[in-house]
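The numbers here are math on the coordinates, done by the rules we state, and not lab data. No experiment lies behind these values; they were computed from the predicted model shown. Ideal geometry is used to build each Cβ from the backbone, glycine not excepted, and the neighbour counts take in all protein chains shown.
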Amino acid sequence: MESFTYEDIQQIANDILSKVKCRPKLGIICGSGLGKLADMVEDREVIPYNEIPGFPISTVPGHAGKLIFGTLRNKSVVLMQGRVHCYEGYSPQKIALPVRTMKLMGIKVLFVTNAAGGINRNFNVGDMMVIKDHLNLSGVNPLVGINDERFGPRFPPMSRAYDIELRKLALSIAKEMGFADLVHEGVYSMMLGPNFETVTECRLISIAGVDATGMSTVPEVIVAKHCGMTVFGMSLITNKVIMEYDQDATANHEEVLETGEKSSRYTQQLIAEIVGRLDLDI
Ligand SMILES: O=P(O)(O)O[C@H]1O[C@H](CO)[C@@H](O)[C@H]1O
Ligand code: HPA
């Protein structure tokens, strides 16, 4: 197992900070097709992942693989334009690395976004879901291994992973901005992937209370909570999962990216507005 010590990650964080002027307090991870949020960042300073020793490289279409530093609504931020997933062959520890690096760069609040399939039949393609909880069905956990208490405790709680105040703020901003009907609150589940779910898997997680499903986010949130970050999560519903046996339609990544292209505008506006109202001196 490839592992990174606290000192290794401190070194990576210091190297990155030595290359940029920005000192971000907020980190944003952009999901499949959601990287356009980077266009809203001003005074941009860009570092491709392949210029950061040890960093995992994004291999999936729709994930550019760049760190974008700058200001969003006058807040200093760093965006991960593209994430990495366990199904790409990276260990959960490697998936943890960017989040821990952010922590040691001084990030206190982490926004995670993703593209997800709608399990909840009331969700339409293009809707958004503020994540209130998750179900880890991936079988992986980035905290497996020796625990370094400087990151966090051996047994971190996960019952209030998604900050309640930020969830409320997101829903009230959506109302103010006139698109409350597009924004729901719900439970995200992660399976390992890379295959899309079977009909039976979708039916099972529906019974379990899952509203949207994907192949990411959960490891990042576990690591972020372990090291004491405040977390906000949002899914863009890019497709409705197939819940009927022998249906002709099938899930595909092209549809996911297409919906991202067409519908990520509201997600970007909502995130920018939340960022604008954040008090990052907490
Ligand atoms: O979760 P993000 O990175 O947004 O990507 C989602 O989209 C891909 C499938 O189309 C999977 O990687 C799934 O996890
Ligand atoms: O239907 C889906 N399943 C899993 N991951 C996804 N990411 C976007 N849509 C989906």
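Counting only Cβ charges, +1 for Lys and Arg and -1 for Asp and Glu, the dipole size of the chain around its Cα centre is about 820 debye. For the pair the range 225-282 / the range 90-125, the C-alpha centres are spaced 10 Å from each other. As an exercise, identify the GluC sites (Glu not before Pro) in the range 176-255 lying in DSSP coil whose Cβ has no more than 14 other Cβ atoms within 10 Å. Listed in order of number, the matching sites are Glu244.
Available extension along the chain between Arg44 and Gln11 is 9.6 nm, counting 0.36 nm per residue and deducting the alpha carbon span.
Site pair Ala208 and Asp279 shows an inter-label distance of 3.7 nm when each label is modelled 7 Å from Cα along Cα→Cβ. Taking 0.36 nm per residue of separation and subtracting the Cα-Cα distance, full extension of the segment from Thr250 to Met177 would add 22.9 nm. For the chain, adding -39500 (n - 2.57) for each run of n ≥ 4 DSSP H residues and dividing by the number of residues yields -9500 deg cm²/dmol at 222 nm.
How high is the relative contact order of the range 124-282, in percent, counting Cα pairs under 8 Å that sit 6 or more residues apart?
36
Note that the range 6-277 carries a Kirkwood radius of 18.6 Å, evaluated over its alpha carbons pair by pair. In plain terms, the chain is cut at each of the trypsin sites (Lys or Arg not before Pro) found in a DSSP loop with at most 15 other Cβ atoms within 10 Å, and the longest leftover piece is 161-282.
Only sites in a loop by DSSP and with at most 14 other Cβ atoms within 10 Å count here; which GluC sites (Glu not before Pro) in the range 1-76 make the cut?
Glu2
Compute the distance from the alpha-carbon center of the range 1-24 to that of the range 145-193, in whole Å. Here the answer is 25 Å between Cα centres. The Rg/Rh ratio for the range 180-229, using Cα coordinates for both the radius of gyration and the Kirkwood hydrodynamic radius, is 1.05. The simple Förster model, with R0 at 35 Å and r as the Cβ-Cβ distance, assigns Glu165 and Arg121 a FRET efficiency of 0.75.
Among the listed pairs Lys21/Lys103; Lys21/Lys94; Lys21/Lys132; Lys66/Lys175; Lys103/Lys175, a Cα-Cα separation exceeding 29 Å is found for Lys21/Lys132; Lys66/Lys175; Lys103/Lys175.
The value given for the range 135-189 is a Kirkwood hydrodynamic radius of 14.3 Å, derived from the mean inverse Cα-Cα separation.
Which of the listed residues, Pro56, Tyr90, Ser18, is farthest toward the dipole's positive end in the range 6-277, when Lys, Arg count +1 and Asp, Glu count -1 at the beta-carbon? Positive-end residue among those listed: Ser18. Based on Cα contacts under 8 Å between residues 6+ apart, the chain shows a relative contact order of 25 percent.
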